[in-house]
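Have a look at the structure below, then the notes.
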Amino acid sequence: MSARRCQIALVLVAAAAWLAGAGAGSWDTWTKLAVGPAWGQPAVGDPDTEPSQSAPALFPPLVPAPAAEGPLGTGPGSARPPVSEVIFPPQAIPLRFSHVRHLRLPAPPACVDCHRAAPGSMSSLDSLIPPESACRPCHAIDRARADKAAAVGQGPARCDACHPGYRPGAPVARVSIPTPNIKFPHRPHIAAGATCTGCHGDLGAEGVGLATRAQLPKMVTCRACHDGRRAPGACTTCHLADPDGRVRTTYPSGLLVPSGSLRGAAHDLGFRADHAGPARSDPDFCASCHQERFCVDCHDGVVKPFDFHGGNYLALHPLEARRNTPECSACHRLQSFCVGCHTRAGVSPGGRGSEFDSAAPERRFHPPGWTDVIGPGHHGVAARRNIQQCASCHREQFCVGCHTAEPGALGANPHPPGWSRSRRCRALLAKNPRVCLRCHLTPAELRCGG
């Protein structure tokens, strides 16, 4: 939609509001509020351009910037992602200020004209917000005259032009910018050729009103130079470190975790279960924050973390157990943890009994024909495909009860047709005949190729 069409639409909205009696004022007032001034003309009632008028009531106290300039003072052309609130804790900037209007003046000020301390700053602890003295060369501020009117063509001097909601005698809302949890010296960066717009963006082109955390550089910007060749690439070059040299991750503002912009290791909700790939590919990257005991506490700890699995996992875990996922055995032993729990709960033979042992087919765990109908649904097919699934409930002795050659037993042959003539038979017999003797009674019975 063109700018002209936007103006027409806003005029229609203002006309509807005026006709409905939504507020007092003439037609001229509504059109001026809706459409604004003609292109290139000063806005009526704007303290930056008409100091004789009071600050517009459209902007209530503590609003950082006019709504037309976007949330957090960013203009419509700004598409910057949010910064980390752990690194840059939330700020309170109860000021009315527009960078874009200053940068579009006939003789726009340079960044260092206002931010005079930035070129020599060596610490993120330094306050680089322009003090009132930086404004006085252009604004005839007089604290004794809060409603002082500036001459035509001069910058506004009224207190409420920059401090929304200011009233004489009332406390002035203070700017609060917590110390960032990062190390950054401006001086060596400027000496190396870094520019203000290279890190903070072109505030004029982006239409930025009041600069906030949104205009602070992201790590992807820093990594353009800090790649280990042009500039140091160690994490602690910028991030604060603990006494052991690792990156500090715990702050009053929250827990610092990777966003995924580096190495794709975003510590999101699924990372706890899917971190094996990044850990194997670059263990030194993990070690920049974690000590070895952090890994051992989970992977080899006596007590496993109970919050690893989601809610109601006890009812859902059979789905993952049946997939033969080796991740289960990383923490749990099938023949102790799984069988022990199933036995105590009565969900396996030899337990206290459960509905899975019911004679009613619809209440049994295994489908009909599981033990006596030869076919795709026979338990032998499932056992050959995934014996670990069977072992999650049954001990070896349970299988031997039917498949042994002991007198009086069923003596069912667990091997497929042609087994004795197969290479697999010979290979297993040569590797460990003791396994075969779990069912066969004597070594004389062990023969392959016949």
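The values are calculated or read from the model by the stated rules, or taken from the named source; none is laboratory data. Because the structure is predicted, anything quoted here is derived from the model rather than measured. As a convention, Cβ positions derive from the backbone with ideal geometry for all residues, glycine included, and neighbour counts pool all protein chains shown.
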Exercise for the section: Might you check whether a residue that is touching a Leu at 6+ places or on another chain (Cβ under 7 Å), part of a helix (DSSP H, G or I) and surrounded by 13 or more Cβ atoms within 10 Å (Cβ to Cβ) occurs anywhere in the range 439-450? Expected result: no
Handout entry: Pro416 at negative phi and touching a residue at least 24 places away in the same chain (Cβ under 8 Å)
Key = yes
Exercise for the section: Identify, by number, the condition in (1) surrounded by 14 or more Cβ atoms within 10 Å (Cβ to Cβ); (2) of a type outside the set (Val, Ile, Thr); (3) farther than 28 Å from His342 by Cβ that Gln389 doesn't meet. Expected result: (3)
Practice task
Taking the residues in the range 154-196 that are farther than 14 Å from Pro119 by Cα and of a type in the set (Ser, Thr, Tyr) as candidates, determine which candidate is farthest from the chain's Cα centre (by Cα).
Solution key: Tyr166
Problem - Looking only at the range 252-267, and only at residues there that are at pLDDT 85 or above and loosely packed, with under 14 Cβ neighbours inside 10 Å, the one that is farthest from Cys298 (Cα to Cα) - result: Pro252
Problem - Criterion (assigned to a helix (DSSP H, G or I), among the aliphatic types (A, V, I, L, M), modelled with pLDDT of 80 or more and surrounded by 13 or more Cβ atoms within 10 Å (Cβ to Cβ)) met by exactly one of Ala382, Ala409 - result: Ala382
Handout entry: Qualifying positions in the range 419-438 - in a loop (DSSP other than H, G, I, E, B), exposed (fewer than 13 other Cβ atoms within 10 Å of the Cβ) and in contact (Cβ under 8 Å) with a residue 12 or more places away in the chain
Key = Arg438
Exercise for the section: Among what's in the range 108-141 and is part of a loop (DSSP other than H, G, I, E, B) and among the polar types (S, T, N, Q), pick the residue that is nearest to Gly155 (Cα to Cα). Expected result: Ser127
Exercise for the section: Determine which single condition Pro217 fails, assuming it passes every other condition in (1) touching a helix residue (DSSP H, G or I) at 6+ places or on another chain (Cβ under 6 Å); (2) in contact (Cβ under 8 Å) with a residue 60 or more places away in the chain. Expected result: (2)
Problem - Failed item, numbered, when Ser127 is tested on (1) more than 19 Å from Arg174 (Cβ to Cβ); (2) exposed (fewer than 15 other Cβ atoms within 10 Å of the Cβ); (3) of a type in the set (Ser, Thr, Tyr) - result: (1)
Exercise for the section: Can you confirm whether the range 245-263 contains a residue that is assigned to a helix (DSSP H, G or I), under 24 Å from Leu125 (Cβ atoms) and more than 18 Å from the chain's Cα centre (by Cα)? Expected result: no
Handout entry: Within the range 284-308, tally of residues that are surrounded by 13 or more Cβ atoms within 10 Å (Cβ to Cβ) and under 29 Å from Ala224 (Cβ atoms)
Key = 6
Completion exercise
Per the list (1) surrounded by fewer than 13 Cβ atoms within 10 Å (Cβ to Cβ); (2) at pLDDT 70 or above, residue check on Cys338 breaks on (1)
Practice task
Evaluate the range 214-229: report whether one residue or more is farther than 24 Å from Pro108 by Cβ and in contact with a Phe, Trp or Tyr (Cβ under 6 Å, 6 or more places away or on another chain).
Solution key: no
Exercise for the section: Identify all residues within the range 87-107 that are within 22 Å of Arg158 (Cα to Cα), under 35 Å from the mean Cα position of the chain (by Cα) and assigned to a loop (DSSP other than H, G, I, E, B); write none if there are none. Expected result: Ile93, Pro94, Leu95, Arg96, Phe97, Ser98
Exercise for the section: Output the number of the condition that Gly207 fails; it satisfies all remaining conditions of (1) surrounded by 13 or more Cβ atoms within 10 Å (Cβ to Cβ); (2) touching a helix residue (DSSP H, G or I) at 6+ places or on another chain (Cβ under 9 Å); (3) at negative phi. Expected result: (3)
Exercise for the section: Among residues belonging to the range 210-237 that are over 24 Å from the mean Cα position of the chain (by Cα) and farther than 22 Å from His115 by Cβ, point out the one that is surrounded by the most Cβ atoms within 10 Å (Cβ to Cβ). Expected result: Ala231
Exercise for the section: Please state which one of Arg187, Arg143, Arg167 is loosely packed, with under 14 Cβ neighbours inside 10 Å and modelled with pLDDT of 90 or more. Expected result: Arg187
